[in-house]
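Undergrad: Please see the structure below; I have some questions.
The values are calculated or read from the model by the stated rules, or taken from the named source; none is laboratory data. Computed from a predicted model, the values in this text were never measured in an experiment. Cβ atoms come from the backbone with ideal geometry, glycine included; neighbour counts cover every protein chain shown. Please note that ligands, DNA and RNA were not included when accessible areas were found on the heavy atoms of the full protein model with its side chains. Shrake-Rupley method; radii C 1.70, N 1.55, O 1.52, S 1.80 Å.
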Amino acid sequence: MLPQLAKLTEEQEMLRQALEGTIDRVSPVSRAQKLDNSKQFDNELHAALSELGILGVGVSEELGGGGGGAIEQVVILEALGRKATSMAVFMVVHFMITRLLKENGSEAQKRDYLTPLMKGEIKASFCLTEAGGGTDILAAMKTKAIREADGWIINGNKMWISGASTSDLMVVLARTSEHRSRGLSMFLVPTKARGITASEVSTMAINGYDTNAVAFDDVRIPEDALMGVLDDGFPQVIATLNGERMNAAAVAVGIGRGALEVTQEYALERAAFGRPIGQFQAVQHQLSIAGIAVETAWLATLEAARRDEAGEATDVLSSMAKWASARAAVQCTDTGMEIFAGAGFDTDLPIQRYYRDARLYSFAPLNQNMALNMIAERWFGFPRSF
Ligand SMILES: Cc1cc2nc3c(=O)[nH]c(=O)nc-3n(C[C@H](O)[C@H](O)[C@H](O)COP(=O)(O)OP(=O)(O)OC[C@H]3O[C@@H](n4cnc5c(N)ncnc54)[C@H](O)[C@@H]3O)c2cc1C
C-alpha cells in the first residue's frame, strides 16, 4: 500500500486497518473483480461490514449505532473505494439514509427502519432523480404524493436509482404541493409495495450495485410513511448533502489511490528496453502528478469532515473536496490505463474497473460544474450564473 500522508488518530487508524483486513479476507481483489464482471452485489462483504459495526457508524450509541462521525465515515469510504468500489457506493447511499432517518425519523421509524439498517437486516434506496434531469431537480420533479383519507397515493417515475432491485426500503421524494422548493416531502416506502416496478438499467460501471428505473403506479402507503415535516423534504435532504459530497469525495480518493497502487506494482514488474517501465522518468512523473492530485484532494476531504464534526459550515470546502477528488480519480485511473497499455483492457485486472467506476462521481451526487458554481457564488461572491 502507498504510505498514507495525512495523519489520523490512533482510533481512526485502527478502524481503517480493521476494515481493510476484513475486506482483504472476505472480498480480495480477485473476488471483487469476479463479482464486478458478473454484475453481482457482494452479500458476504455486506454481512461482514455489519458484523464489524460499520453500518452503524455516524449514528450515536444511544440510537443503537456505532458512534463516530464524518471523519470515520470518510475513512471507511476511502478504504472501500480503494478495494471494493461498488460496496463503497452502496455505503454512500446507506450513510445518507441512516443520517436522514436519524435527523428526521419518528421514534417508530427509527425502530422499524434505522435499527434493522444498521444491523444489516435490510437495505434501502434513495429515490430523488427523475428522467427530466438530476441537476435542476426541482423543475424535473414530477412524482406526486396525494393525500387520501387513510394515507398517501404515489404516482411517478424515478431514474438511476441505486439498489432499487435489491433493497427492502425506499426513501422517496415526491411533490406534495405546488411550491417549488417547499412542496416536496419524504416518504418511507417498502420496495415490495404494490404498484412499484424497478427495472434494472444496463450500466458501464459500479457493476456490483444495481441501477434502476423505478415506476410508482398508484402506490398506497399509510399516513405515517411521511418522514419529517410535510412539504419540507427538500431542505431536509439539502441538509445532508454536504455530508454526501464529502462521502462521495472519499470514495473518489479511494478509487484514485487504488488505481495508483496497482499501477505502481505493474510499473515495477513490467519491463521494456531491459528495465522496469517504472524506471522511465516519463512514467514516474505521470504517477507523481496523479499522486499529488489525489493526496491533496484527500487532505481537503479530511479537513471538510473535521470542520463538519466541529459543527462548522462546509458547503464551500466540501464542494472543493468533491471537485478535486472526482478530478483526481479520473486523472489517476487515466494515468493507470496509459501505463498498463494493452493490459489495461484485460477485464480480469482491476485497472479498467477503476477507470470506469471513476466516472460516477464526476456528476453525482453534484456535478462538477455545480460544484464550481457553488464555489464561485459562496466563496468568490459572484452572482449566480444560472
Ligand atoms: C450509477 C448511478 C447511480 C445513481 N444513483 C442514484 C440514486 O441512488 N438516487 C438518485 O436519486 N439518483 C441517482 N443517480 C442520479 C445522479 O444523481 C444524476 O445522474 C446526477 O444528479 C446528474 O443528473 P443528470 O444525469 O440528469 O444530469 P443533468 O442534470 O442532465 O446534467 C447534465 C450536465 O449538464 C451540466 N449542467 C446542468 N446544469 C448546469 C449549470 N447550472 N451550470 C453548469 N452546468 C450545468 C452539467 O455538466 C451536467 O453534468 C445515479 C446515477 C448513476 C449514473
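Undergrad: Quick check on Asp231: is it away from the ligand (no atom under 16 Å from the Cβ), at pLDDT 95 or above, over 29 Å from Gly254 (Cα atoms) and acidic (Asp, Glu)?
TA: yes
Undergrad: Residues Glu51, Glu121, Glu103: which one is modelled with pLDDT of 95 or more and within 20 Å of Thr240 (Cα to Cα)?
TA: Glu103
Undergrad: Turning to a different aspect of this structure: Determine the pairs where a residue that is in a loop (DSSP other than H, G, I, E, B), located within region 138-162, has a partner that is away from the ligand (no atom under 16 Å from the Cβ) with Cβ atoms under 8 Å apart, the partner being 6 or more residues away or on another chain.
TA: Close Cβ pairs satisfying both conditions: Thr143/Asn155; Asp150/Pro222; Asp150/Glu223.
Undergrad: Among the residues of region 78-107, write down those that are open to solvent by 40 Å² or more (accessible area, probe 1.4 Å) and more than 23 Å from Gln33 (Cβ to Cβ).
TA: Residues satisfying the conditions are Arg99, Lys102, Glu103, Ser106, Glu107.
Undergrad: Let me confirm something: among Ala300, Ala371, Ala328, which residue is farther than 30 Å from Gly278 by Cβ, open to solvent by less than 70 Å² (accessible area, probe 1.4 Å) and either within 13 Å of the ligand (Cβ to nearest atom) or in contact (Cβ under 8 Å) with a residue 24 or more places away in the chain (or both)?
TA: On the way: Ala300 fails: farther than 30 Å from Gly278 by Cβ; Ala328 fails: farther than 30 Å from Gly278 by Cβ.
Residue meeting the stated conditions: Ala371.
Undergrad: May I ask you to verify whether Ala140 is away from the ligand (no atom under 16 Å from the Cβ), closer than 22 Å to Ala164 by Cα, aliphatic (A, V, I, L, M) and surrounded by fewer than 22 Cβ atoms within 10 Å (Cβ to Cβ)?
TA: no
Undergrad: Can you tell me which residues in region 188-225 are over 30 Å from Tyr354 (Cα atoms), surrounded by 22 or more Cβ atoms within 10 Å (Cβ to Cβ) and touching a Ser or Thr at 6+ places or on another chain (Cβ under 9 Å)?
TA: Of everything in region 188-225, just one residue is over 30 Å from Tyr354 (Cα atoms), surrounded by 22 or more Cβ atoms within 10 Å (Cβ to Cβ) and touching a Ser or Thr at 6+ places or on another chain (Cβ under 9 Å), namely Phe216.
Undergrad: Let me ask another. Of a type in the set (Phe, Trp, Tyr) and within 27 Å of Asn43 (Cβ to Cβ) - does that describe any residue in region 143-153? Break it down into steps so the answer makes sense when it comes.
TA: Initial filter on region 143-153 (of a type in the set (Phe, Trp, Tyr)): 152.
Adding the requirement that they be within 27 Å of Asn43 (Cβ to Cβ) leaves none.
Checking region 143-153: not a single residue is of a type in the set (Phe, Trp, Tyr) and within 27 Å of Asn43 (Cβ to Cβ).
Undergrad: Also, quick follow-up: Just checking, how many residues over region 175-187 are in a strand (DSSP E or B) and either under 24 Å from the mean Cα position of the chain (by Cα) or surrounded by fewer than 15 Cβ atoms within 10 Å (Cβ to Cβ) (or both)? Give the steps one after another, and end with the answer.
TA: We begin by selecting, within region 175-187, every residue in a strand (DSSP E or B); these are 175, 184-187.
Remaining after also requiring either under 24 Å from the mean Cα position of the chain (by Cα) or surrounded by fewer than 15 Cβ atoms within 10 Å (Cβ to Cβ) (or both): 184-187.
Number satisfying all stated conditions: 4.
Undergrad: I need the full set of residues from region 303-325 which are surrounded by 14 or more Cβ atoms within 10 Å (Cβ to Cβ) and of a type in the set (Gly, Ala, Ser), in order please.
TA: Ala304, Ala305, Ser318, Ser319, Ala321, Ala324, Ser325
Undergrad: Between Val171, Val75, which is in a strand (DSSP E or B), of a type in the set (A, V, I, L, M, F, W, C) and either open to solvent by 30 Å² or more (accessible area, probe 1.4 Å) or modelled with pLDDT of 95 or more (or both)?
TA: Val171
Undergrad: Look at region 350-361 and say how many of its residues are open to solvent by less than 60 Å² (accessible area, probe 1.4 Å), more than 20 Å from Leu317 (Cβ to Cβ) and more than 8 Å from the ligand (Cβ to nearest atom). Even if it seems obvious, please write down each step before you answer.
TA: Filtering region 350-361 down to residues open to solvent by less than 60 Å² (accessible area, probe 1.4 Å) leaves 350-354, 356-358, 360-361.
When the remaining residues are screened for being more than 20 Å from Leu317 (Cβ to Cβ), the result is 350-354, 356-358, 360.
Keeping just the survivors that are more than 8 Å from the ligand (Cβ to nearest atom) gives 350-354, 356-358.
Looking only at that region, the number is 8.
Undergrad: Kindly indicate which of Ala364, Ala376 is surrounded by fewer than 17 Cβ atoms within 10 Å (Cβ to Cβ) and within 20 Å of Ser325 (Cβ to Cβ).
TA: On the way: Ala364 fails: surrounded by fewer than 17 Cβ atoms within 10 Å (Cβ to Cβ).
Matching residue, one of Ala364, Ala376: Ala376.
Undergrad: Also, I was wondering about something else. Would you confirm whether any residue within region 238-260 is surrounded by fewer than 20 Cβ atoms within 10 Å (Cβ to Cβ) and without any contact (Cβ under 8 Å) to a residue 60 or more places away in the chain?
TA: yes
Undergrad: To continue, here is another question. Can you name every residue in region 97-137 that is within 11 Å of the ligand (Cβ to nearest atom), not small (Gly, Ala, Ser) and not in a helix (DSSP H, G or I)?
TA: Phe126, Cys127, Leu128, Thr129, Glu130, Thr135, Asp136
Undergrad: Return the residues of region 148-164 that are surrounded by fewer than 21 Cβ atoms within 10 Å (Cβ to Cβ), within 13 Å of the ligand (Cβ to nearest atom) and not small (Gly, Ala, Ser); say none if nothing qualifies.
TA: Asn157, Met159, Trp160
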